[in-house]
Amino acid sequence: MKMAGEMIRVVVTGVVTAGLATVAAAAEPELVVAAHGKTEAVVIVSPEAGLPETQGKDGGAARGLDASGKRNNEWLAAADLVKYIEMMTGAKPRLAATRGQIDAALKGTAPVLLVGEEALQAKPDLARRIRAAAKPKPLLVADAIGLVREGNRIYVAGNNDEAHYFAAAELLARWGCRWYLPTEFGECIPEVKTLAVGPLEHVYGSPFEIRSYWISWNGDNTGRVEFQRRNMMASGRRGFPGTGHALGQYTGDAPGSKGMFNFPITAPETAAHIAAKIAAPFARGEGFSIGMEDGNYDSQYPKDVELMKLQWDKYMMRWSVTDPMLELYNNIARILQKQHPNSGGKLGFLAYANMTIPPVREMKAEKSLFCELAPIDIDPIHGMDDEDSPPRQEYRDMVYQWARIMEGRLAIYDYDQSMLVWRDIPNPSHQGLKQDFAHYAKAGILGVNTESRNAIGTTFLNLFFRGRLLWNPNEDIESLLKEFYPRFYGPAAVPMETYWSAIYQAWAETIVTEHEHFVAPAIYTPQVIETCRKSLAEAEQLVAPLARQAQRSRHEQQVLERMKFTRLSFEILDGYLGMVRHAATEGNYAEAVKRGEEALAVREILTDMNGTFTTYRRIGEHGTAWWPGEVEQYRKLQQYVDGTKGTRIQTLPLEWAFRRDKARQGVAKNYAAGEVDLTYWNANQDQLTPRSRKDYPDQWEMVRTDLYAQAQGIRDPDRQSFTGDLWYRADVALTADQVRGKVRLLFPGLFNECRLYVNGREVAFRPQGNIWWLNDYAFEWDVDLSGKLQAGKNTLALRANCEHHFGGMFRRPFLYVPREK
């Protein structure tokens, strides 16, 4: 099976690609690098280039040098050109790395690929042009590359050691090589009879100086370094100072301090105290963090209180601390800059938690301050220009404001989607990245450092697209996707495109702006699941002949492994959503446990395939926030319905009447017991969609109890998540036997502070923190209704005080009688 045609060429035409410094070259005959399993080509690399096993440390990594000053990436560039040309053609070029070998190769007529410094020395004008293509006046490191073919010579070089490798990666990409995922599992290398180069003249520089990700939560790093390098991602922070949680070590004994998150922020004594502690490393020119700790700050210092009350942080549900905190950082920087005017010291901090929103006052950060903006709870699904996400549009404005404040010394600390669902189901992000990275480039952001778990079963192509867009924010994502399917899935390309397109479309078109596993049923509807099921079956039929072959090529074996991965991924997806449906919709907890356990067993098989596919074995899963904990929660709920700890009397209705109460006047208007008029709903429900329900009038409507309110379209007219009181109403008919004794109402999934009414009387209050993730992830409420119900009709009303994101019920409630002890 061939992954491309019989012949691969690199030809640059006179068409100028947007964003690329690409110049047409004069037409000349193709240069054949290898044909029919033979080659005379030579890859030239400087004798001064490093060895692949040397490890960079200290400042060398930022310059692309190892500890001894060797050019490690330059050597790797040459080595990988040799490696992948051989993989593509079966013919291995010679590697010339001594002066004698190099001189001999340059005198010959065979194809010569000059890599790195040898290319720049042989063609000095190329070095000038590459420097001109690089980002002007970089604060850290700018990367630019050049590819030029003249006669039998192909020049492959960059403006620094890492960029030398990026130039080689660009040439290999033009030959059709792709590294979609870490490890060989994601490597797509075409097999061809002839490899050639036509006219080629290309120079380009990335606008981003920082282009990286790191693996958190003990994720599997296998293949990460190679994957990053081959997808144009740079190593490390490249001189950008750390921004991690560090401030607490300097403020614990500050004058007036009451703890890590409560001290006089703008007091002059605080700045002086911190500056004294960090003066020595600053004087030495070091870069280090004075970033806030992992939490929200408060202060009773009069000026701090005044400044905090300039703006309310609706994301963190408290006063913003940005104005006083940035003043503190500026005060520290001024002290140190005055004491050590010639120091190149850098102070890093996070714009995070209740310091995410920019300051209200007009402020500029001192020149030694460097900031990473970390939007931890701002819609991770949509792009900045998506009309369905006002929070993401607000974030766009924050980016530009912070960019002006920092005057270019700003990077983004973002979170790959593997951080946000925790259920090992596909969670793509490219639908938003394209918009976001274009704005980052326009705002002059230094770059992006992504926190990921790897977890390829969740992220799939996310990291690949991040790399491509960080290198070139004008990258054509749709074209990359179109070519992905035949390269990755071979004969199964067409149904696999249908499979993944259904998933990508579901995420692109969702109105959901929240995150974590509660959103899954809103996105992975039964229709999406069935499309995936059908497409996967068709794909498996198409690759079945490969499985029956006694001999298979490397690519054919990869296709079978990728189909196995996709089958296991689908079984996990189908199993998880099936588990949720049994529990949340049907109240069938025994079946939910069964489906959950079956899917978790499939996850074990997926993890055995490749450690990068999941993360759970390395971090452990404890509590209801994790999938096994969710299964255990259903196991415990089953005991309240099967007689073990209780017996179910009745599963309450799946659909309840519903009223939005923005002004919180529902008590005065008797929403708990007054008439429910569904006239408007009955006349218009067939035309309503979750997207259009934002414009629903002030009337009663119907909602489901197995999905939180906002995911069903309960939004404000401006598309913001609805906040205010949510009123649920249902009438329940009970017999005299059913209301006798200790009757309880269990809400198995319920957000928000709530009040319960029975027949017009308030009977129970449920306290709950206004930020949903700071509560018990079980989100249950078990209410004693003994003596409060009557034989016949009972009107139940639930009033949920939704102040943030998620609102209302997301698992169907039921009545039960506890077993006597």
(message) Can you tell me the mean projection area, over all orientations, of the convex hull of the stretch 626-729's alpha carbons? Units nm², please.
(response) 9.0
(request) Report the full-extension gain for the segment Ile771 to Asn262: residue separation times 0.36 nm, less the Cα-Cα distance, to one decimal in nm. (result) 181.2 nm
(request) Taking 7 Å along the Cα-to-C-beta vector as the label spot, tell me the Trp214-Glu538 distance in nanometres, rounded to one decimal. (result) 4.5
(message) Explain nothing, just the number: relative contact order of the stretch 730-821, from Cα pairs under 8 Å at least 6 residues apart, as a whole percent.
(response) 47
(request) Rounded to the nearest 0.05, what FRET efficiency do Asn342 and Gln311 give with R0 = 45 Å and r taken as the Cβ-Cβ distance? Could you check? (result) 0.75
(request) Report ³J(HN,Hα) in whole Hz for each residue of the stretch 330-336, in order, from the Karplus equation J = 6.51 cos²θ - 1.76 cosθ + 1.60 where θ = phi - 60°; Gly and Pro get x. (result) 5, 4, 4, 4, 5, 4, 5
(message) As a quick test, which of the pairs Lys135/Lys364; Lys83/Lys193; Lys742/Lys793; Lys346/Lys367; Lys92/Lys193; Lys338/Lys364 have an alpha carbon distance above 20 angstrom in this structure?
(response) Lys135/Lys364
(request) Quick one: divide the alpha-carbon radius of gyration of the chain by 2.2 N^0.38 Å and tell me what you get. (result) 1.07
(message) Restricting to bridges with both residues inside the chain, how much of the DSSP beta-bridge set is antiparallel, in percent to the nearest 5?
(response) 65
(request) Name the residue farthest towards the positive end of the dipole of the chain from the options Gly198, Gly244, Gly345, assuming +1 on Cβ of Lys and Arg, -1 on Cβ of Asp and Glu, about the Cα centre. (result) Gly345
(message) Please list Leu446, Leu76, Leu106 from largest to smallest accessible area, probe radius 1.4 Å, with all protein chains kept in place.
(response) Leu106, Leu76, Leu446
(request) For the stretch 81-90, just list the computed ³J(HN,Hα) in residue order, Karplus coefficients 6.51, -1.76 and 1.60, θ = phi - 60°, integers in Hz, with x standing in for Gly and Pro. (result) 4, 4, 4, 7, 5, 5, 5, 6, 10, x
(request) Take the Cβ-Cβ distance between Leu106 and Glu48 as r, set R0 to 22 Å, and report the resulting FRET efficiency rounded to the nearest 0.05. (result) 0.85
(request) Go ahead and collect, in residue order, the members of the stretch 186-206 whose backbone nitrogen is under 16 Å from a label point 7 Å along the Cα-Cβ direction of Ala35. (result) 192-199
(request) Give me the distance in nm between label points sitting 7 Å out from Cα along the Cα-to-Cβ direction at Lys193 and Leu688, one decimal. (result) 6.5
(request) Over the chain, with every protein chain in place, what whole percent of the accessible area is carbon and sulfur at 1.4 Å, could you tell me? (result) 51
(request) Report the label-to-label distance for Arg284 and Thr525 in nanometres (one decimal), using points 7 Å from each Cα along the Cα→Cβ vector. (result) 6.0
(request) Provide the three semi-axes, in whole Å and in decreasing order, of the ellipsoid equivalent to the stretch 549-635 as defined by the square roots of 5 times the Cα gyration tensor eigenvalues. (result) 30, 16, 8
(request) Over the chain, average the accessible area per residue using a 1.4 Å probe and give it in Å², no decimals. (result) 38
(message) Within the stretch 159-173, name every residue whose backbone N is under 18 Å away from a label modeled 7 Å from Cα of Gln121 along the Cβ vector.
(response) 159-162, 164-165
(message) Taking loop as defined by DSSP and a crowding limit of 14 other beta carbons within 10 Å, which trypsin sites (Lys or Arg not before Pro) in the stretch 302-355 fit?
(response) Lys309
(message) Using only the alpha carbons of the stretch 305-432, what is the convex hull's orientation-averaged projected area in square nanometres?
(response) 9.3
(request) Please identify every one of the GluC sites (Glu not before Pro) in the stretch 357-433 that sits in a loop by DSSP and has no more than 10 other beta carbons within 10 Å of its own beta carbon. (result) Glu362, Glu387
(message) Place a point 7 Å from the Cα of Arg618 along the Cα-to-Cβ direction; which residues of the stretch 443-464 have their backbone N under 13 Å from it?
(response) 452-457
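The values are calculated or read from the model by the stated rules, or taken from the named source; none is laboratory data. Treat the numbers as computed from the prediction; the structure is a model and nothing was measured. Cβ sites come from the backbone with ideal geometry, for glycine too, and all protein chains shown count toward neighbours. Only protein heavy atoms, including side chains, enter the accessible area calculation; ligands, DNA and RNA are left aside. Shrake-Rupley method; radii C 1.70, N 1.55, O 1.52, S 1.80 Å.
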